[in-house]
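The values are calculated or read from the model by the stated rules, or taken from the named source; none is laboratory data. Because the structure is predicted, anything quoted here is derived from the model rather than measured. Here the Cβ positions follow ideal geometry from the backbone for every residue, glycine too, while neighbour counts run over all protein chains shown. Note: areas computed on protein heavy atoms with side chains; ligands, DNA, RNA excluded. Shrake-Rupley method; radii C 1.70, N 1.55, O 1.52, S 1.80 Å.
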Amino acid sequence: MKYEEIAICVIIVRTYSYFEETGRGNSFERFPYLRVLSERLTEDALKEWEQGQSIQAERYWTLLRAIGDGKTVDPVVHTAFDLCLAAMYIPEFSAYLNFYTGNAATIQLAFELEGISCPAYEEMTEKLRCLQKICRIDWNKVPLSLAAMEADNRIFAYLFSEEAGNPEVLQTPVFGEGEWYLCEEPLHPMFIRRKLAEECAAWMQDAAFPTVLQIEGNGGRRFLAKNIAHLLGKNMFMVPIDKCKDFLGEAAGEQKSALLRELFWGGELFCLYGLRPEIFAEWQITEADFWKNVVLPVLDAGVSVFLCTETRFPVYDGYFPGKRVELKPLSRKERQQVFEGFSSMYGLTVDCPRYSVHYRLSAKEIARALELWKQEGSAAEEAFARICSQLLCGGSKKALGEISYPQVRFTDLKVPDKVRETLEQICCSAQENYRIFEEWELGKQYPYGRAVTVMLSGPPGTGKTMTAHAIACELGIPLYQVELSRVMDKYIGETEKHLEEIFTFAEKANVVLFFDEADALFGRRGEVTEGRDRYANMEVSYILQRVEQFDGIVVLSTNFYNNIDKAFLRRMKYVLKYQIPDEALRRSIWESCLPAEHFREPLDMDYLSAQFEFTGGMIKNVVLSACVMAVHVQKRLCMEFLLQAIRAEYEKMEWPVSAGMWGEYGYLVGTVDENRLRR
């Protein structure tokens, strides 16, 4: 007979003897199979059982010590365990107990078999807490002494296995709401925070009792927990907080028992992730309820706990015997290390310093981006940049603005050389900021105000919006154009709330944040004459503070430079004032806007650029209108269509028109009623 089979026969005989002593004689009469089993318990079998030299014997006693204090075997717990084991392995024994006691295996029967008829309640619950590590306990039973106890199926996988080593018992979790991280599972290298993992592992190793490690912050919380478990050489069961709501309901006893059984078989670490302060209101519980019902039972079972939270999780005084670790967003240097690590791991060549500046991805997102790029099989870095942008912007809230991916470059801008030089400096500032603050060690002198802030001012149509698009294109990042009509709200505090959403998104997505017609939002603060003025000034003050804290690229454009609050102008690192283009620049704009030569007749470019002081936007409108006229009559573009479009532009702007302005081309325009156009 196997060792555990002898143990089962022993408890059957002990139970039969107890029933005989208590007036239930000949109790095997209705259960002949139990009599047969009891007769197998020979002296040789008992001797073998007492010696306990087999693998199964070693596991049997190891299990009994483990569910107690880890060193000794409690007699009552031992007897209760044998009752549960026999009831599960021999269904007829379960029926036998029910027939003579009205219950299955109970802690009361275990006490009675040990000669204790009336155990103290505290002692009884203590034994049940030990047994719940490997047995189902009906904690809702009244009285608790008659609560049904049922052995976990994993006991058989552990005790009955013929393997010399420790048999695998974690394949199907009893508590089916989580997953195991087994310490022997390989993890990819820690490119950052390796020292932190080692410090936490050493602290947990030195702790005299099970403890709590709270890992809070942005990204990498569970990965850090896995690495600590790996360093400790312990398995870890990982469960999302949303699966633990039943710990506080009617099924709390069974849920906690299932979790503790899972933890008993797997190891000494438990990770609870996805925690958020809002669960207290959602579940209608207090901090004390959470700690007493979710965390403390695990600690009492001898298992250390990881709590993974995005923000600081409320601590209930007296129930936090542990340590808190904050994971701050990755610095530029840390992002570079992660880019270098994963690109080397995937065998890819990436400009890591550049991408660490442009894309503020988490470590997980960096790994995902490189994995997708490798799967795509494209060697072009433009494809990788697109993947990074999609990871940053996809799924983020953009209701207050629009994301675009401009294709306009600096070469497409028709601006003076001095403006072009400043634009190149702006891009250099955005790309090389880290050199100044890290390598040149100026970070301490500039703890805030590191944003690349640009003010574009000038008349409409001079290229301000096009410049913002070109900056984004040159940097290879998206443009986020804010919709001011959605941002500004008549209700007090809502405008600031919307702006906070915008800046938070821009910080995460690393976009060029573009405020067009910015004077509507960044206007001068005025004298307070009524309540609304006070709150309007508060909005401006909030924006000033938020721009100061921002660490990104902000571009503002305005047609009314003098209306911008001076405090904003002080915070603008670059101010570009656009003017009406001169003749040479207008000629360049005309030539860049016209269609290919085979779609047009010879045009007098000297006359067009010298005679009409148009902005770039107006020239584009004129050329487009003239092309529509030509296509409509199926002709090539010529001076006649251009002059008719120019006259329409003058009428739209309500500018005076004179016959002399057309010069030698007056015949193409026809007679004009100057008084009518001068209205």
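Does residue 202 meet the test of being at pLDDT 80 or above, under 30 Å from residue 342 (Cβ atoms) and surrounded by fewer than 17 Cβ atoms within 10 Å (Cβ to Cβ)?
yes
I want to confirm something. Restricting to the range 122-134 and keeping residues that are out of contact with any Ser or Thr (no Cβ under 8 Å at 6 or more places or on another chain) and closer than 14 Å to residue 110 by Cα, which single residue is surrounded by the most Cβ atoms within 10 Å (Cβ to Cβ)?
Applying the filter and picking the extreme gives 131.
Residue check, residue 110 against (1) among the hydrophobic types (A, V, I, L, M, F, W, C); (2) under 19 Å from residue 69 (Cα atoms); (3) in a loop (DSSP other than H, G, I, E, B), all met but one. Which one?
Only one criterion in (1) among the hydrophobic types (A, V, I, L, M, F, W, C); (2) under 19 Å from residue 69 (Cα atoms); (3) in a loop (DSSP other than H, G, I, E, B) is unmet by residue 110, namely (3).
Taking into account only those residues within the range 459-473 that are of a type outside the set (S, T, N, Q) and open to solvent by 10 Å² or more (accessible area, probe 1.4 Å), which is farthest from residue 562 (Cα to Cα)?
Out of the qualifying residues, it is 473.
Please enumerate the residues belonging to the range 32-72 that are in contact with a Lys or Arg (Cβ under 8 Å, 6 or more places away or on another chain) and either in a helix (DSSP H, G or I) or without any contact (Cβ under 8 Å) to a residue 24 or more places away in the chain (or both).
The answer is 56, 65, 66, 71, 72.
Inside the range 589-663, counting only helices (runs of 4 or more DSSP H) that do not spill past its ends, which hold 2 or more residues that are open to solvent by less than 70 Å² (accessible area, probe 1.4 Å) and of a type in the set (Ser, Thr, Tyr)?
605-611
Examine the range 315-328 for a residue that is open to solvent by less than 20 Å² (accessible area, probe 1.4 Å), in a helix (DSSP H, G or I) and not charged (D, E, K, R), and state whether such a residue exists.
So far as the range 315-328 goes, no, none of its residues is open to solvent by less than 20 Å² (accessible area, probe 1.4 Å), in a helix (DSSP H, G or I) and not charged (D, E, K, R).
Keeping to the range 478-506, report how many residues are of a type in the set (Val, Ile, Thr) and either in contact with a Leu (Cβ under 6 Å, 6 or more places away or on another chain) or at pLDDT 85 or above (or both).
Final tally of qualifying residues: 3.
Answer yes or no: is there a residue in the range 88-104 that is under 50 Å from the mean Cα position of the chain (by Cα), touching a residue at least 24 places away in the same chain (Cβ under 8 Å) and in a helix (DSSP H, G or I).
Yes; the residues of the range 88-104 include at least one that is under 50 Å from the mean Cα position of the chain (by Cα), touching a residue at least 24 places away in the same chain (Cβ under 8 Å) and in a helix (DSSP H, G or I).
Provide a single number: the residues in the range 240-296 that are in a loop (DSSP other than H, G, I, E, B) and under 26 Å from the mean Cα position of the chain (by Cα).
6
Has the range 567-588 got at least one residue that is assigned to a helix (DSSP H, G or I), open to solvent by less than 80 Å² (accessible area, probe 1.4 Å) and either among the polar types (S, T, N, Q) or over 29 Å from residue 425 (Cβ atoms) (or both)?
Yes, the range 567-588 contains at least one residue that is assigned to a helix (DSSP H, G or I), open to solvent by less than 80 Å² (accessible area, probe 1.4 Å) and either among the polar types (S, T, N, Q) or over 29 Å from residue 425 (Cβ atoms) (or both).
Please tell me if residue 13 is within 58 Å of the chain's Cα centre (by Cα), surrounded by 13 or more Cβ atoms within 10 Å (Cβ to Cβ), among the β-branched types (Val, Ile, Thr) and modelled with pLDDT of 90 or more.
No, not satisfied.
Per-residue answers, yes or no, for (1) open to solvent by 40 Å² or more (accessible area, probe 1.4 Å); (2) aliphatic (A, V, I, L, M); (3) within 22 Å of residue 111 (Cα to Cα):
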position: 53; (1), (2), (3): yes, no, no
position: 57; (1), (2), (3): no, yes, no
position: 69; (1), (2), (3): yes, no, yes
position: 75; (1), (2), (3): yes, no, yes
position: 80; (1), (2), (3): no, yes, yes
